[in-house]
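Worksheet: the structure to be examined is printed underneath.
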Amino acid sequence: MGTTEVESVIVIKDLVKGFGDKIILDGFNLTVKKGSNVVVLGKSGSGKSVLIKCIIGLLQPDSGSINVFKENIPGMNEDELDKARSKIGFLFQSNALYDSMTIRENLEFPLLRHWVDIKKEEVNRLVKEALENVDLLHTLDMMPSELSGGMLKRVALARTMILRPEVILYDEPTTGLDPVTAREIEKLILKLQKKNHTSSIIISHDMNCVKNTADLVVLLLEGKCYIEGTYEELEQSSDQNIKQFFE
């Protein structure tokens, strides 16, 4: 019996993006298969955040294609982008919660924006379910200022998941967290991957996070995909460009 080919949900080909004379992405290629976590590893300033912003259409690449669910993101108008973004969750490094809103209101916001006709009872149910998924139902009517950094990250993750996105982009999900809280976030990433069959790109230089969450590791070096493989494969490499991340 032949093996079933796993569908590709993101295919990036020959992506180029520069600012002035500085080329950040220089022919970058990446394929993300359905249900897999791909970690993009690279030094600060290597273009990891630029890559994420190109994928969600916040930045327009100079050339190349970014196909998400077989649709090319750079070719979309604002309405098409809005529709595409409802299938793509984005966990910001800063969490990006609204300080003046309760946790409940923060989670309601994307539902009311994207699903205009949704009933109040359904909003309540989805908000409670999202907070239960991250073990934070008791924070429902609290303000962001009342929560710890780790709790804020979990709320941000709940808000990212509330629209049931098929793809999630994580920007440094464990940066600034203590080791125990960072491990909790990693477990949540894996739990939500398994429960919702999500596909993810994780930007990280926290090697524990890389080891614990990655199905595939991609090294972004000099604007290109320098190498890809499992954590174990890259860890055993004698190439100094790869070894420096594991030392």
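Just so you know, all these numbers are worked out from the coordinates, no wet-lab data involved. A quick note: this is a predicted structure, and the numbers were derived from the prediction, not measured. Cβ coordinates were reconstructed from backbone atoms using ideal geometry, including for glycine residues, and neighbour counts include every protein chain displayed.
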Starting with the fewest neighbours, write out TYR231, TYR170, TYR226 ranked by other beta-carbon atoms found within 10 Å of each beta-carbon.
-> TYR226, TYR231, TYR170
Would you order LEU190, LEU15 from fewest to most other beta-carbon atoms within 10 Å of each residue's own beta-carbon?
-> LEU190, LEU15
Under a plain spin-label model, where a point goes 7 Å from the Cα along Cα-to-Cβ, how far apart in nm are MET101 and GLU232?
-> 4.3 nm
Computed over the stretch 88-164, the relative contact order (Cα-Cα under 8 Å, seq sep at least six) in percent reads 49 percent
Rounded to one decimal in nm, the spacing of the 7 Å Cα→Cβ label points at LEU112 and GLU78 is 2.1 nm
Run the numbers on the stretch 19-106 and let me know its relative contact order in percent, using alpha-carbon pairs under 8 Å that are six or more apart.
-> 17 percent
Pull up the DSSP beta bridges for the chain and report the antiparallel fraction as a percent, rounded to 5.
-> 55 percent
Per DSSP H run of n ≥ 4, the term is -39500 (n - 2.57); total these for the chain, divide by its residue number, and report the mean residue ellipticity at 222 nm rounded to 500 deg cm²/dmol.
-> -10500 deg cm²/dmol
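Can you give the FRET efficiency to the nearest 0.05 for LYS33 and SER86, using r as the Cβ-Cβ distance and R₀ = 25 Å?
E(calc), rounded to 0.05, equals 0.70.
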Mind putting together the pair-distance distribution for the chain? All Cα pairs, 5 Å bins, whole percent per bin, short to long.
-> 1, 6, 13, 17, 19, 17, 13, 8, 4, 1, 0, 0
For the chain, what's the relative contact order in percent, using C-alpha pairs closer than 8 Å and at least 6 residues apart?
-> 27 percent
Measuring from the longest principal axis of the C-alpha atoms of the chain, the long axis of helix 149-161 (C-alpha) lies at a number of degrees, nearest 10, equal to 90 degrees
Nearest 10, in degrees from 0 to 90: the angle of helix 179-196 to the longest Cα principal axis of the chain is 90 degrees
How far, in degrees from 0 to 90, does helix 103-114 lean away from the longest principal axis of the Cα atoms of the chain, to the nearest 10?
-> 70 degrees
Ascending count of other beta-carbon atoms within 10 Å, so fewest first, for LEU216, LEU169, LEU107 | LEU216, LEU169, LEU107
Which FRET efficiency value, to the nearest 0.05, is calculated for PHE69 and ASP135 with the Förster distance at 35 angstrom and r the Cβ-Cβ distance?
-> 0.70
Hey, which of these cross-link pairs are over 21 Å Cα-Cα: LYS48/LYS191; LYS17/LYS153; LYS187/LYS224; LYS87/LYS195?
-> LYS48/LYS191; LYS17/LYS153; LYS187/LYS224
